[in-house]
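Accompanying notes for the structure given below.
The values are calculated or read from the model by the stated rules, or taken from the named source; none is laboratory data. Note that the structure is a prediction, hence the values are computed from the model and not measured. Here the Cβ positions follow ideal geometry from the backbone for every residue, glycine too, while neighbour counts run over all protein chains shown.
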Amino acid sequence: MSRTGTQIQIMVGLIFVSIVVMFGYSIWDTSRAETAADEQLHKAGERGAHLFVQNCRTCHGLQGEGLVENAQAFPGVPLNIDSARPESTTELEAIQRRFSATIECGRVGTLMPAWSIDEGGSLTPEQIRQLIVLITENPDNVWEEVVEYGREVDRVGAGVFLAEDFPADATSFPELDASEDDIATIAVGVRYRIEDEFILVTTQEMLDQQAAEEEAAAEEEAAAEEEEGDEEGGDAEEEATPASTPQAPTEGEDVPSAAGDTGEPGPQPTIDDFVIVRGYQGTTAADHAAGTEILNTPPEAPDPTDESSILGATGIPPCGQNPVQPGADDGDDGAAAEVGEDGTVTVAGGDSFFEQTTITGVAPDQELSVTFDNQGALSHNIAFYPSAEAGAEALAATELAIGPIEQSLEFTAPSEPGDYLYNCQAHPADMMGTLVVE
């Protein structure tokens, strides 16, 4: 072979090797970039988890499931749900825009405040982005960090543990394994949690005082109704909270003492004086084994019936949103939807309303197929009940999901003619209707 031919072969070989090296480098570089992007996404989600613990658990729950987790304690819509994490890039971008607007500006007519620092809140645009990564992408299941970090934040001092078993029917603390200083921080009127159970620390004096106040309020109400000539005044139901589920004192409220009416502070109750309300706020009283930790809980959520807690009920709402219009829906019963011959019916809804608030043409024991057309930006569902009230377990319900989405539900209508409730379990006071069986 000539020298020229050899040189050509060497050049071809070098070119081939260069191509292979460049191709391999491009693959490696792409993989490295993807790894770096994944790491950045995880860090953003992790920071979002910490922000959630610090700012959002009061309404949206210890695990981000809000009212699904515990409707009495956490009135916020669930965020840790599959429908908040769509696989489609287009849907993901759309839902991220909606969450961004909601976190920045709040939602008029709800407990959701504006969190953007530009609207008087405490979160920067980057922190809002980190929360959105947690909610909509959940990289490496970082929602678990919410639970773990939450336990750290909720620790009582250096840790307070049960030194003995704590039966479900016990109403006083057993021996505790903790320093005296940490035990001394356990306070009357404060909500704590042991595993999944909430407890309220109170005293017998506080329970007796609350019972007396409820009795006096009931007597005043009955007297007022009797004075107005109301025939049912004497049978008026008490609207106060039952003594079995007392309310924690609000911040700054004095704890009853043994001082009576002298105005002098009495001795502060100690752990031996405490009465423990078990299964507080809809949780279940349970047996807890020695070694289980007693934890704080997030601050209690605002009262949704308190107008001052509702965004837009007073003052000027952020981001140019329209204020709440009191009585705007009075007299508007919504439209009626009639069930077809094949048992199908569609109910549409948006944020805090159903377009159809009555479903007619339903026969007893009829097989129904309901389509819920959810056009809202918040989590909604539709649930049907075996009575006119939501006290019983739902007959059937769709999953809570963020719209726009259509969901189908099949169930058998009640066997007795009558009016039956349906509602959105996330917004039961605003989104409700009547299924008429006839």
(message) I'd like to check something: does region 65-77 contain any residue that is in contact with a Ser or Thr (Cβ under 6 Å, 6 or more places away or on another chain), outside any helix (DSSP H, G or I) and modelled with pLDDT under 90?
(response) yes
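Residue-wise test of (1) crowded, with 19+ Cβ neighbours inside 10 Å; (2) in contact with a helix residue (DSSP H, G or I) (Cβ under 6 Å, 6 or more places away or on another chain); (3) of a type outside the set (Val, Ile, Thr); (4) over 25 Å from GLN72 (Cβ atoms).
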{"site": "GLU355", "(1), (2), (3), (4)": "no, no, yes, yes"}
{"site": "GLU367", "(1), (2), (3), (4)": "no, no, yes, yes"}
{"site": "ASN374", "(1), (2), (3), (4)": "yes, no, yes, no"}
{"site": "GLU389", "(1), (2), (3), (4)": "no, no, yes, no"}
{"site": "ALA397", "(1), (2), (3), (4)": "yes, no, yes, no"}
{"site": "GLU416", "(1), (2), (3), (4)": "no, no, yes, yes"}
(request) Pull up region 314-335, narrow it to residues that are modelled with pLDDT of 60 or more, part of a loop (DSSP other than H, G, I, E, B) and hydrophobic (A, V, I, L, M, F, W, C), then point me to the one that is surrounded by the fewest Cβ atoms within 10 Å (Cβ to Cβ). (result) ILE316
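Residue by residue, here is whether (1) within 30 Å of GLY66 (Cα to Cα); (2) not in a strand (DSSP E or B) holds:
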| residue | (1), (2) |
| --- | --- |
| ALA337 | no, no |
| ASP342 | no, yes |
| THR358 | yes, no |
| GLY361 | no, no |
| PRO364 | no, yes |
| LEU368 | yes, no |
| THR371 | yes, no |
| ALA377 | yes, yes |
(message) Here is a check on your reading of the model: is GLN40 assigned to a loop (DSSP other than H, G, I, E, B) and either at pLDDT 90 or above or not small (Gly, Ala, Ser) (or both)?
(response) no
(request) State the number of residues belonging to region 399-419 that are under 26 Å from the mean Cα position of the chain (by Cα) and under 17 Å from VAL339 (Cβ atoms). (result) 2
(request) May I ask you to list the residues in region 265-303 that are of a type outside the set (D, E, K, R), surrounded by fewer than 14 Cβ atoms within 10 Å (Cβ to Cβ) and assigned to a loop (DSSP other than H, G, I, E, B)? (result) PRO265, GLY266, PRO267, GLN268, THR270, THR284, ALA289, ALA290, GLY291, PRO299
(request) Among what's in region 394-410 and is of a type in the set (S, T, N, Q) and part of a strand (DSSP E or B), pick the residue that is nearest to ILE81 (Cα to Cα). (result) GLN407
(request) Please indicate, with yes or no, whether at least one residue in region 160-167 is among the small types (Gly, Ala, Ser) and modelled with pLDDT under 95. (result) no
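Residues checked against (1) outside any helix (DSSP H, G or I); (2) surrounded by 19 or more Cβ atoms within 10 Å (Cβ to Cβ); (3) of a type in the set (Asp, Glu); (4) in contact (Cβ under 8 Å) with a residue 12 or more places away in the chain:
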{"position": "ALA94", "(1), (2), (3), (4)": "no, no, no, no"}
{"position": "VAL108", "(1), (2), (3), (4)": "yes, yes, no, yes"}
{"position": "ILE128", "(1), (2), (3), (4)": "no, yes, no, yes"}
{"position": "TYR149", "(1), (2), (3), (4)": "no, no, no, yes"}
{"position": "ALA158", "(1), (2), (3), (4)": "yes, no, no, yes"}
